[in-house]
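This report refers to the structure that appears directly beneath it.
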Amino acid sequence: MLKGGVVMDVTTVEQAEVAERAGAVAVMVLDKLPSDVRKAGGVARTASVR
């Protein structure tokens, strides 16, 4: 289903298995997804691309 180098963020082994079956080339296992951090009032930042 996914092609061309998709990397998925997951929080459980089950999500990682689904991502792999869907064609993800890699998974990042996180304690909390950035959207969950923001929902709880926290700040989720990405690294600078520069």
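Values quoted throughout were computed directly from the atomic coordinates according to the rules given, and no laboratory measurement underlies them. Since we're looking at a predicted model, the values are computed, not measured. Neighbour counts run over all protein chains shown; Cβ positions are idealised from the backbone, glycine included.
In table form, for the structure just shown:
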| item | result |
| --- | --- |
| Dipole axis of the chain (+1 Lys, Arg; -1 Asp, Glu on Cβ), positive-most option in GLN15, GLY4, ALA26 | GLY4 |
| Unit charges on C-beta of K, R, D, E only; dipole of the chain, Debye | 340 debye |
| Using alpha-carbon coordinates, inclination of helix 13-22 to the longest axis of the chain, degrees | 50 degrees |
| Viscosity 1.567 mPa s, 4 °C: Kirkwood-radius Stokes-Einstein D of the chain over Cα pairs, µm²/s | 107 µm²/s |
